[in-house]
Each structure stands twice: as C-alpha cells, then as structure tokens.
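What follows is a short report on a single structure.
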Amino acid sequence: MSTNHHPLTVAVVGATGVVGRTMIQVLAERQFPVGELRLLASGRSAGTTVSAAGRTMTVEEATPDAFEGVDIALFSAGGSVSEELAPEAAKRGCTVIDNSNAWRMDPNVPLIVSQVNPQDGEWHEGIIANPNCSTMQLMPLLMALRDTVGLERMIVDTYQSVSGTGAEALAELESQIRAHVAGEPKVASVYPHPIAFNALPEIDVFLENGYTREEWKVVTESRKILHMPDLRVSCTAVRVPVFVSHSEAVHVETTRPITPNEARAAFAAVPGVVVMDDPATHGYPLATMAAGKDEVFVGRVRTDPSTKNGIAFWVVSDNLRKGAATNAVEIAESVLQRGWVKPKSRRGAVAAAPATPTA
C-alpha cells in the first residue's frame, strides 16, 4: 500500500474479537495510511486494552457518535451491531466495510472480493459488504474460470476451521483435545456436538430448504460477486477440528472445455492465488500451511469426468486473514486509491447499482 495518501481516521468495530484483532494487525502490516485509529466494541468490552501499532490502546464503546470524523470503519461485530450502527456511521460520512451477513445481499450494497470485483465499490453509498469467508476464497478461482471458459455449475464441500466461530470455539477445541488425552469426557457448549476428532455437517442454522445458512451464503454470494444471478451452485458446509484455515473441495462445470494445465495457468494469473499441485511429492495446499498467510492456495487440479467440461480442485485459505480481515483492508485500499472513500452521491454523482454483465 502506497503511503502517499492523506492519513485517515480509521475505526475497527469488534476490536476485541479474533477477526477484529486481525484487522488491526493487517492495517499495520500493509501500512494503511492511518492517522488516527479508534478501537470500538460493545459496552461490556469498553475499557479493555488491545495492543495495536506497537502500543497499548483502550477500547471505546461503539456508539453512533463514536463515528464522528471517521473516514473508514472496519466492522466485525456481528449482524445486529452492523444493522444498528453501520447506517449511523454512514450518516456521519464514514464508509463502512462490514464483515457480517447484515448487508451482503442488499441490492444497494456492493459485495466485494478485492481481486474479483473491486469496480463495484464505485457505487457504494456508505456501506460495502465483505463476503463470507467460505465464499471469499472461492471467488478468485471461479472468476478465472468464468473469464477463461465460462461457468455453468459449481458444487463445493467445505471443511471449515473453528476460528470461523470465534475465540470460544478455539478454546473449546483445545479443551476437548486435552480432555481426550486425559481420558475425560469432551464437553460441548459452542457446537451441538464435540468438535475434537469429529466433523459436523452443520454450520449456522438450518433453513426450510434443508441447507444451512452458511451453505446458502455460498450460493447467493457467489452469484452476486460474479454478476451471474443464474449460476447453479450447491454447497455442503462442514466444521472440522482445525484451528485456522478453511479447505474446500470444488467441482465446476464450465461452458467450454478446459484442461487441468490450462486451469492451473488461469488460476496462477490471478493476483494473490498460489498454485501448489505436485501429487508426486505430496505437494498440495494444507490448512496448517495456509494459516497466517494472505494468499489463496489451490491444488489437486484435475478433470472431473462425471460431467461435461468438468474440472475439480482443492482450495485452502486463512479464514481470518483473506477470508475476513485482509480482504476488508484490501477493499479500503481500493476505494482510497480510486478516490471512492466518500459515498458516490457525495462525489457529485447519482448512485446506481451496476448492470449485470454477461459472463
């Protein structure tokens, strides 16, 4: 990130949470031009301290007035907080980049993956949505296939780490591992069943159609981000006993045929995507390897013979970083570099949602 920009006042909402702390870290790592950093959280967390930019900072309560003078706010405090405070922040001239599910499918709110559709930030009116972590890591790869040979259908099975649930889930997995070693019962409170040495095909609530909300996010968010409202998508989301990084098995039917080598080349051409695909040496992406990194890693690329023009692959990414914090900061960088920090209507143009392009 170039530092040749006027320093901004930046707020992080949910600063005491796992993603909030990662947002603070990523802002510093990428040298985002922060003049003033405000750390905000719920009333019960106000007064606690967080290490940021080499110093200890006190967390303040997130209230509407806390956004006075703020240029950009990164939200990671849950949907109800975003529903209440994001419009209040926007009223005060702040641009909100929200990590919750509150605004993602609002037709008046851009839903952005930095490498895929940064141009959608042009029409924001004060709120920009950050996609779900499981959707996020898929999109650069699906974009590459869309732009190369066209997309018809995607089936994805996710293997999601417990850090996606938060600090309590991380602690619960560790405590269950310790209980197992000690020969004691594994107690579950965060999830409906013990997660240690297990796989739970239930992430978020079940919907009337039989899918979980996590699975349905992949369906609807993919269509919006890729500007493909009729894309056929199916997903099964599974929680696994991994601390950090989500893994996904993906099967795609393309419009025109593509070979595995062509797919690898298309993936490698996308900024932030790393191809690791050498089965002979057991070279493929791992959750433990991706943890702490910002890239999307892809491997096991192969033809799917079960369908016409089928391609299959395995994709892994750190859900706290690229899946949440890093993409949020990259969106902030994008709107800053393009002069879109203010809402479109305040830039002297009438805001309008983009037309849906053909794939």
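The values are calculated or read from the model by the stated rules, or taken from the named source; none is laboratory data. Keep in mind the model is a prediction, meaning the values are calculated, not measured. Cβ sites come from the backbone with ideal geometry, for glycine too, and all protein chains shown count toward neighbours. Note: areas computed on protein heavy atoms with side chains; ligands, DNA, RNA excluded. Shrake-Rupley method; radii C 1.70, N 1.55, O 1.52, S 1.80 Å.
Taking segment 86-103, which residues are of a type outside the set (Gly, Ala, Ser) and open to solvent by less than 10 Å² (accessible area, probe 1.4 Å)? Outline the logic, then answer.
Taking segment 86-103 and keeping what is of a type outside the set (Gly, Ala, Ser), we get 87-88, 91-92, 94-99, 101, 103.
Once the filter is applied, which keeps residues that are of a type outside the set (Gly, Ala, Ser) and open to solvent by less than 10 Å² (accessible area, probe 1.4 Å), segment 86-103 yields CYS94, THR95, VAL96, ILE97, ASP98.
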Q: Would you mind finding the one in ALA52, ALA62 that is under 23 Å from GLU168 (Cα atoms) and buried (at least 21 other Cβ atoms within 10 Å of the Cβ)?
A: ALA62
Q) Would it be correct to say that THR236 is assigned to a strand (DSSP E or B) and closer than 21 Å to SER76 by Cβ? A) no
(Q) Of the conditions (1) surrounded by 23 or more Cβ atoms within 10 Å (Cβ to Cβ); (2) in contact (Cβ under 8 Å) with a residue 40 or more places away in the chain, ALA129 satisfies every one except a single condition; which number is it? (A) (2)
Q. Tell me, which residue of segment 30-49 that is farther than 18 Å from ALA332 by Cα and assigned to a loop (DSSP other than H, G, I, E, B) is most open to solvent (accessible area, probe 1.4 Å)?
A. ARG44
Q: Check whether at least one residue in segment 269-276 is in a helix (DSSP H, G or I) and either closer than 19 Å to THR135 by Cβ or open to solvent by 70 Å² or more (accessible area, probe 1.4 Å) (or both), and report yes or no.
A: no
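Does ARG92 fit the bill of being over 20 Å from the mean Cα position of the chain (by Cα), basic (Lys, Arg) and over 21 Å from HIS5 (Cα atoms)?
On the way: over 20 Å from the mean Cα position of the chain (by Cα): yes; basic (Lys, Arg): yes; over 21 Å from HIS5 (Cα atoms): yes.
In short, yes.
Restricting to segment 143-156, name every residue that is of a type in the set (D, E, K, R), open to solvent by less than 50 Å² (accessible area, probe 1.4 Å) and touching a strand residue (DSSP E or B) at 6+ places or on another chain (Cβ under 8 Å). Spell out how you get there, then give the answer.
To start, the set of residues in segment 143-156 that are of a type in the set (D, E, K, R) comprises 146-147, 152-153.
If we keep only those that are open to solvent by less than 50 Å² (accessible area, probe 1.4 Å) as well, we get 146.
Of everything in segment 143-156, nothing turns out to be of a type in the set (D, E, K, R), open to solvent by less than 50 Å² (accessible area, probe 1.4 Å) and touching a strand residue (DSSP E or B) at 6+ places or on another chain (Cβ under 8 Å).
Within segment 281-297, restricting attention to residues that are in a helix (DSSP H, G or I) and hydroxyl-bearing (Ser, Thr, Tyr), which residue is farthest from VAL113 (Cα to Cα)? So that I can check it myself, show each step before the final result.
In the first step, residues of segment 281-297 are kept if they are in a helix (DSSP H, G or I); the result is 281, 287-290.
From what is left, the residues that are hydroxyl-bearing (Ser, Thr, Tyr) are 281, 288.
Values: THR281: 32, THR288: 23 Å.
The qualifying residue farthest from VAL113 (Cα to Cα) is THR281.
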Q.
Based on this model, can you work out whether VAL26 counts as outside any loop (DSSP other than H, G, I, E, B) and modelled with pLDDT of 95 or more?
A. yes
Q. Mind checking which pairs have a first residue in segment 184-209 that is within 16 Å of LEU170 (Cβ to Cβ) and at pLDDT 95 or above and a second that is open to solvent by 80 Å² or more (accessible area, probe 1.4 Å) and in a loop (DSSP other than H, G, I, E, B), Cβ under 7 Å, 6 or more apart or different chains?
A. LEU200/HIS193
Q | Search result, residues across segment 240-268 that are more than 14 Å from GLU295 (Cβ to Cβ), open to solvent by 40 Å² or more (accessible area, probe 1.4 Å) and within 21 Å of the chain's Cα centre (by Cα) | A | PRO241, VAL242, PHE243, HIS251
